[in-house]
1. Kirkwood hydrodynamic radius, the protein assembly as shown, all distinct C-alpha pairs: what's the number in Å?
2. Can you say what percent of the DSSP beta bridges in the stretch A:96-209, counting only those with both residues inside, are antiparallel? Round to 5.
3. Can you tell me the dipole magnitude for the protein assembly as shown around its Cα centre, using point charges on the Cβ only (Lys, Arg +1; Asp, Glu -1), in Debye to the nearest 20?
4. For the stretch A:16-91, what is the relative contact order in percent, using Cα pairs closer than 8 Å and at least 6 residues apart in sequence?
5. Direction-averaged shadow area of the convex hull around the Cα atoms of the stretch B:9-117, nm²?
6. Normalising by the residue count of chain A, find the relative contact order in percent from Cα pairs under 8 Å and 6+ residues apart.
7. May I ask for the angle, rounded to the nearest 10°, between helix A:161-177 and the longest principal axis of chain A, with both axes built from Cα atoms and the value confined to 0 to 90°?
8. State the Kirkwood hydrodynamic radius of the stretch B:96-209 in Å, one decimal place, computed from all pairs of distinct Cα atoms.
Number of protein chains: 2
Amino acid sequence: MDGRPIGIFDSGLGGLTAAGELARLLPRERIIYFGDTGRVPYGSRSRETILKYARQDVSFLKTFGPKAIVVACGTVSTVAIRELVSENDIPIIGVVEPAGLAAAKATRNGRVGLIGTQASVRSGAYERVIASVNPDIQVLAEACPLLVPLIEEGRIHEGDVVIETVVSEYLSPMKEAGVDTLVLGCTHYPLLKKIISRQMGDHVTLIDTGEQCAIRVSELLEQGGLLAPVDRKQGRRQYYVSDAPAGFVRTASFFLGEQIEDSVERVDIDRY
Amino acid sequence: MDGRPIGIFDSGLGGLTAAGELARLLPRERIIYFGDTGRVPYGSRSRETILKYARQDVSFLKTFGPKAIVVACGTVSTVAIRELVSENDIPIIGVVEPAGLAAAKATRNGRVGLIGTQASVRSGAYERVIASVNPDIQVLAEACPLLVPLIEEGRIHEGDVVIETVVSEYLSPMKEAGVDTLVLGCTHYPLLKKIISRQMGDHVTLIDTGEQCAIRVSELLEQGGLLAPVDRKQGRRQYYVSDAPAGFVRTASFFLGEQIEDSVERVDIDRY
């Protein structure tokens, strides 16, 4: 038993899809979420900038004495996870490894697709995880820089010509290549699951990185005897953001799939 | 005559449209451009964050001893211009006042439209400038958060269903209200001039904020006897960005309308 909280961060709000999965799987855990809304997006930035920001995010979460930190950001998980793991003495769990392993397990024809931000795709991190399981699996990756801004504007509904057209353009090489498994390599993308699934067809397995990551965290805590005390009914959830919290509650409920009733505070992340 | 450079900054690359106009009008001037590509976009951030970033941007440009600083960012010009003007002893010229005055002068039916980022629209700054000329002019403002990401992805071509649909949705209240003048309140938007002009119709005057701002700067320097020495053939242009310069040259040429052959360097803006 371990009453310490789990820290989780993302460049913005997308990581809330992973936080939601975590809360669903482990309702007794206390969860501290940090969304770097003052510096979002990370996906188009350079490696050095992403690493600097990620170190500050971890440094802030460590002030809560967490038992583990979840990197619910596809970009940081691909670009900076090795540094974060080696620099810290608590488990740091990214979204790439669990999702990469799940994809390698799911594919039947050996052709896996990956969609993500520019930085995630450029890093080749998913390819390395998948190759570690089976070097014969082909990975076709496509950077999709417009999906995050479109999702954040609420353009997630089937039949909207804008989102349908943009998704269709990004997915068209995946369909041509005949992938049977598609990694949604950014924690925003689960909000487009219906559109992506319909466009790809039922025979394509979608891998939700947030969901796979939450499963991995839950396994790790269980194996290490680190789960929250059983007499705790429901873990408190706290949310921190680096820009003004106004607007966060509204948009967050949309990512979490439920209304936020817990506290949202602002933090000056440049100080960490 | 004054050989000192003109500083100009934007949250990213959009300000290059204004820098291009400035270079066209004043070819002998030395121009130092700073694009805060490591922290772009500003438009969705809070007032405090925008003010903090803008002060750092000015502070960096002042290291070059400029004779004037152009705020080629609609968001900073609407949200933080008063503070910047009062805190500095050289002229600080934003894009709002010149464009607001031009719009007030251009309208014949007293109905002016404004499109811009969320922060620009929320600030009410254009409305104040226009009302100072004629309080009877009605201003209809619409925040267009998707235009910057779409433009940065190169979706600026007529007939593209994605950009045409998004522009049409944003402009539809302007058309219904019968505005005869439309302020393009963000330095990215001139790249959509053709699409916007066709959708609005020939009878609507488009006000390009970068162009109006460049005209104002040129008048100010001329009146103050501050133009560059006449024996200087062509002013050097230097570009600084806060994220990796790779990719800047390619995208910049697209905003400037010409290839960049001058230097592009990276600066750690957090230090200013």
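Just so you know, all these numbers are worked out from the coordinates, no wet-lab data involved. Values in this document were obtained by computation on a predicted structure and should not be read as measured data. Counting neighbours? That spans all protein chains shown, and the Cβs are built from the backbone with ideal geometry, glycine included.
1. 24.7
2. 0
3. 660
4. 32
5. 7.5
6. Taking the mean separation of contacting Cα pairs over the length of chain A, I get 28 percent.
7. Compared with the principal axis, the helix lies near 70 degrees.
8. Kirkwood hydrodynamic radius for the stretch B:96-209: 13.9 Å.
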